[in-house]
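Here's the structure, in structure tokens; my notes come after.
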Amino acid sequence: MGAASFFTKAFGSDADEAFRRAVEEAEYRHGKAGYTGTIAEKPGYTVIPNSEHKNRDKEKYANSLMAEQDDRIDDKWGNAGAINLSGTQVAQRYRKRNGLKGNHGSVWLFFGMASC
């Protein structure tokens, strides 16, 4: 059994809700049988502090953590990484594309390695 990297965005009133929605979407698209290589395999998430990625491209920073095999997100059985995308153009596009204008909450980027 191997591992695959994943990157997914989700919206929620907080990180917990966004994570649940991301997992539900992955299970809907890929099933609940396990070893999907998606966020559905993750037990939780670890928020990457804003101080680490302030004034940086959030998606590129997540990619750099993956490339560096950062311990917080490199375990296929461990938590996903989570970066709040609030205030970015990526979040604005996500909100527009998903009809979320005016809804209270944040767009989160979840990423990491998952069993497949």
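The values are calculated or read from the model by the stated rules, or taken from the named source; none is laboratory data. The model shown is predicted, which means the values in this text are computed figures rather than measured ones. A quick note on method: Cβ atoms are made from the backbone with ideal geometry, for glycine too, and the neighbour counts reach across all protein chains shown. Heads up: the accessible areas ignore ligands, DNA and RNA and are worked out on the full protein's heavy atoms, side chains in. Shrake-Rupley method; radii C 1.70, N 1.55, O 1.52, S 1.80 Å.
Taking all Cα pairs closer than 8 Å and separated by 6 or more residues, the relative contact order of the chain comes to 44 percent. Measuring nothing but how far apart in sequence close Cα pairs (under 8 Å, 6+ apart) lie, relative to its length, segment 3-50 scores a relative contact order of 35 percent. Taking Cα extents along the principal axes in Å as calculated from this structure, the corresponding entry among (1) 87, 24, 23; (2) 84, 28, 21; (3) 42, 31, 19 is (3). Just want the answer: with Cβ charges of +1 for Lys and Arg and -1 for Asp and Glu, which residue in 100, 26, 3 is farthest toward the dipole's positive end in the chain? Of 100, 26, 3, it is 100. With K and R counted +1 and D and E -1, the other residues having a Cβ less than 12 Å from that of residue 13 yield a net charge of -1.
Just add up the charged neighbours of residue 80: K/R +1, D/E -1, any other residue whose Cβ is under 15 Å from the Cβ of residue 80. Each step should come with its number before you reach the end.
Numbers: positive: 9, 20, 21, 42, 58, 72, 76; negative: 16, 17, 24, 25, 27, 41, 59, 70, 71, 74, 75.
The answer is -4.
Accessible surface for the chain, divided over its residues, is 58 Å² per residue with a 1.4 Å probe. For the peptides 49-59, 5-15, 85-95, 26-36, the ranking by packing is 5-15, 85-95, 26-36, 49-59, with the highest mean count of neighbouring Cβ atoms within 10 Å listed first.
About the centre of its Cα atoms, segment 1-47 shows a dipole size close to 140 debye [charges on the beta carbon of Lys, Arg (+1) and Asp, Glu (-1) only; nearest 20 debye].
3J(HN,Hα) along segment 5-10, derived from phi through the Karplus expression 6.51 cos²θ - 1.76 cosθ + 1.60 where θ = phi - 60°, amounts to 7, 9, 9, 8, 10, 8 Hz, with x in place of Gly and Pro.
Dipole size of the chain about its Cα centre, with +1 on Lys/Arg Cβ and -1 on Asp/Glu Cβ: approximately 640 debye, rounded to the nearest 20. Taking the Cα centre of segment 57-107 as origin and assigning +1 to Lys and Arg Cβ atoms and -1 to Asp and Glu Cβ atoms, the resulting dipole is close to 600 debye. Taking a straight Cα-Cα cut-off under 13 Å and skipping sequence neighbours fewer than 8 places away in the same chain, the aspartates and glutamates within cross-link reach of residue 76 are 41.
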